[in-house]
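J.: The structure follows.
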Amino acid sequence: MSSGSTQRAVGDALAGFERHVTQDRVDAYAEASGDHNPIHLDEAYAATTQFETRIAHGMLSLALVTEMLASEFPESWHKGGKLKVRFSAPVFPGEVVATYGEIISISETDEGTIATCSIGCKKPDGTDAVSGRATVLLE
Amino acid sequence: MTAPLISTAVVCHEFGPYDVTIPAGRAIAYAEAVGGSESPAYGDTLAPIMVVAAALAVLIEDLGLYSGGLQTIHAGQEVSWARQVRVGERVEAVGRLAANSVRRGNHFATVAVSYTDSDGVEIGTSSTTIIVSGEVSS
């Protein structure tokens, strides 16, 4: 099914991108979010955890996914967009992650034409750090 | 040592309200953390996920999850947003414990949050599921 006015169709890929998640980015994210959990910031502490080293905030990876959605749907993502994800694996500082998305259905509703997308963020080994679905009004 | 709130709080326990107004400095830090050449131009507005993250940070602290010995895994997240938020715009968050159970010694908790603007209008919602392991008294 395609959406005539927007030229969107099931199977369309969203424009994903890669991002090098450095410790500097993690530190900046701690400042931005107020989440100063030492598992993200303190290597000595993080060494005592199950991960044995610092990990990036899960919400940082999710933020990258929402950057993709905001770029793809600039008029509507922040006005009615919804997402539901699970965090499957930690991202370690130094890793390059890749966001991805695909339109998996398009439906007509009282609110308008809604696209449902599979979305996520993959680690270098191809496993998902974040995965789930988003719905957004097509523009 | 006082038991962390997650070990005693019952479903429907309310958190907040929290002031999750995001000042310019934190918006700049967010851009440094997340931004790149592909990023949309936010101008004087924020990515709503940043407001959610700010509320989550306070919630985690209130739940006592920074207590020694606890390890918290952010397992799932839901977000819906009605409109963009401006940098510096007052936003208030109120959380409600939607689930809190213990399985095999781990706490599974879900906190639902409602975000309102200065007029009291709901502008977004979120739901966070966490798993807490470690020495949580229950």
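The values are calculated or read from the model by the stated rules, or taken from the named source; none is laboratory data. If you're wondering where the values come from, they're calculated on a predicted model, not measured in any experiment. When we count neighbours, we look across all protein chains shown, and the Cβ atoms used for this are built from the backbone with ideal geometry, even at glycine. These area figures cover heavy atoms from the full protein model, side chains too; ligands, DNA and RNA do not enter into them. Shrake-Rupley method; radii C 1.70, N 1.55, O 1.52, S 1.80 Å.
J.: So how many residues does segment B:50-88 have that are open to solvent by 20 Å² or more (accessible area, probe 1.4 Å) and over 25 Å from A:R54 (Cβ atoms)?
T.: So the answer is 8.
J.: Also, quick follow-up: Given the structure, is A:A9 within 24 Å of B:E78 (Cβ to Cβ), at pLDDT 95 or above and more than 7 Å from every other protein chain (Cβ to nearest Cβ)?
T.: Criteria not met by A:A9.
J.: Looking at B:T110, B:T72, which one is of a type in the set (S, T, N, Q) and closer than 27 Å to A:E95 by Cα?
T.: B:T72
J.: Continuing with this model, one more query. For A:A30, are the conditions met, namely being open to solvent by less than 20 Å² (accessible area, probe 1.4 Å) and more than 7 Å from chain B (Cβ to nearest Cβ)?
T.: When the stated conditions are applied, A:A30 passes them.
J.: Within segment A:71-82, is even one residue farther than 18 Å from B:S37 by Cβ, without any contact (Cβ under 8 Å) to a residue 12 or more places away in the chain and either more than 7 Å from every other protein chain (Cβ to nearest Cβ) or not basic (K, R) (or both)?
T.: Yes, some residue in segment A:71-82 is farther than 18 Å from B:S37 by Cβ, without any contact (Cβ under 8 Å) to a residue 12 or more places away in the chain and either more than 7 Å from every other protein chain (Cβ to nearest Cβ) or not basic (K, R) (or both).
J.: Still on this structure: Can you tell me which residue in segment B:31-47 is farthest from the chain's Cα centre (by Cα), limited to those that are open to solvent by 10 Å² or more (accessible area, probe 1.4 Å) and within 7 Å of chain A (Cβ to nearest Cβ)?
T.: B:E38
J.: If the Cβ limit is 6 Å and pairs must be 6+ apart or interchain, which residue in segment A:26-42 that is under 17 Å from A:G94 (Cβ atoms) and among the aliphatic types (A, V, I, L, M) pairs with which residue that is assigned to a loop (DSSP other than H, G, I, E, B) and open to solvent by 30 Å² or more (accessible area, probe 1.4 Å)?
T.: A:V26/A:P93; A:A30/A:H36
J.: Please tell me if B:V52 is more than 24 Å from A:V85 (Cα to Cα), more than 7 Å from chain A (Cβ to nearest Cβ), touching a strand residue (DSSP E or B) at 6+ places or on another chain (Cβ under 7 Å) and not small (G, A, S).
T.: It is false that B:V52 is more than 24 Å from A:V85 (Cα to Cα), more than 7 Å from chain A (Cβ to nearest Cβ), touching a strand residue (DSSP E or B) at 6+ places or on another chain (Cβ under 7 Å) and not small (G, A, S).
J.: Quick one: which residue in A:P90, A:P124 is closer than 16 Å to A:V26 by Cα, at pLDDT 95 or above and under 16 Å from the mean Cα position of the chain (by Cα)?
T.: After applying the criteria, what remains is A:P90.
J.: Tally the residues that are in contact with a helix residue (DSSP H, G or I) (Cβ under 7 Å, 6 or more places away or on another chain) and closer than 20 Å to B:I73 by Cα, restricting the search to segment A:53-69.
T.: So the answer is 10.
J.: Then there is this: Among B:Y30, B:Y18, B:Y66, which is within 24 Å of A:A98 (Cβ to Cβ) and of a type in the set (F, W, Y)?
T.: B:Y30
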